[in-house]
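Heads up: the structure comes next, in structure tokens.
Taken together, the values in this text are just the output of simple stated rules run on the coordinates, not laboratory data. This one's a predicted model, so the numbers in the text were calculated from it and none came from an experiment. Note that we place each Cβ from the backbone using ideal geometry, even for glycine, and neighbour counts take in every protein chain shown.
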Amino acid sequence: MNYKNKITLINIIALAAVTTLSITLYLPAFQVITMEFHTSTRLLQFSISLFILGAGCAALILGVLSDLYGRRKIILLSLIINLIGIIVILFARNIHFFLIGRLLQGIAEGGLIISAKAIARDQFSGKEINKIISIVLVAISIISIITPMMGGYILMFANWRMLFIVLFIYSLLLLIGNTFFITTVSPTFIVDKFSFKKAIKNYVEIFINKEFILFLFILSLLYS
């Protein structure tokens, strides 16, 4: 693997890790956030569902836009939306603004995760892409184990907002890196003309596919 591919792999892992960090880092702060906002744990748990809902819906739209306008633009747009969502959370004075911030974060993560996967397909092929996917999955698994412990450690010295400040700094560094230092590969195919009708038809074909429904059901059980 050459130097450029190594940088691309690191960027893919870093972009995909935003989703994991956004979900697991603040889990140790649930009780503290619940007490500060005078709300219920159930409503705070809804912030995770809202996050995933935003990510899923955004991925359907931003995935197409990524093919139309390129990976880089969607990545930068998603990172900016993520930063805005974090700012809303940092200045939130009630659970409702907190949920709005989480929804914005979810929309951003939908763009980031779909772009990260697209870059992997653009840059790698054949057996190499299977190796890359395996590396990314292992890295994300390790990050998902570490981040709750890291969140708990941060809470020993600061309040829960510091967790989102860490996310803000991380996202800002990604934004700077992808703006000035990292160039992503163009799509292997060019979409000259977008057809809304064709896009809807493709989505319908996917949603009625039995294998897709089974896979989606299994993932739903994991997240539930």
**Cβ-Cβ FRET estimate between THR179 and LYS4, R0 fixed at 22 Å, reported to 0.05** = 0.80
**Prompt:** What does the convex hull of the Cα atoms come to per residue for the chain, in Å³?
**Reply:** 137
**Message:** Please compute the length gained on full extension between LEU68 and ILE169, using 0.36 nm multiplied by the number of residues separating them and subtracting their Cα-Cα distance.
**Reply:** 33.4 nm
**Message:** What are the membrane-span-like helices in the chain by this rule: whole DSSP H runs, Cα extent along the axis at least 15 Å, mean Kyte-Doolittle hydropathy at least -1.0?
**Reply:** 3-24, 41-69, 71-90, 95-123, 127-155, 161-176, 196-207, 210-223
**Prompt:** Using +1 on the beta carbon of Lys and Arg, -1 on that of Asp and Glu, and nothing else charged, what's the dipole of segment 54-174 about the Cα centre, debye to 20?
**Reply:** 40
**Request:** Provide Rg and Dmax in Å for segment 1-125, with only Cα atoms included in the calculation.
**Result:** 15.9, 53
**Fill in**
Among segment 64-99, those whose backbone N falls under 12 Å of a label point 7 Å along Cα→Cβ from TYR203 are 64-65
**Request:** Could you give me the percent of Cα pairs per 10 Å distance bin for segment 79-172, shortest bin first, beginning at zero and ending with the bin that holds the maximum distance?
**Result:** 15, 34, 33, 14, 3, 0
**Request:** Quote the charge dipole size of the chain about the Cα centre in Debye, to the nearest 20; the model charges only the Cβ of Lys and Arg (+1) and of Asp and Glu (-1).
**Result:** 340
**Prompt:** Within the chain, what is the longest stretch that has no chymotrypsin sites (Phe, Trp or Tyr not before Pro) placed in a DSSP loop and near at most 14 other beta-carbon atoms within 10 Å?
**Reply:** 1-90
**Item:** Gain in span if fully extended, SER40 to SER134, counting 0.36 nm per residue against the direct Cα distance
**Value:** 30.0 nm
**Request:** Average the reciprocal distances over every distinct pair of alpha-carbons in segment 5-58, invert the result, and give the Kirkwood radius in Å.
**Result:** 12.9
**Request:** For segment 52-117, state which trypsin sites (Lys or Arg not before Pro) are in a DSSP loop and have at most 11 other beta carbons lying within 10 Å of their beta carbon.
**Result:** ARG93
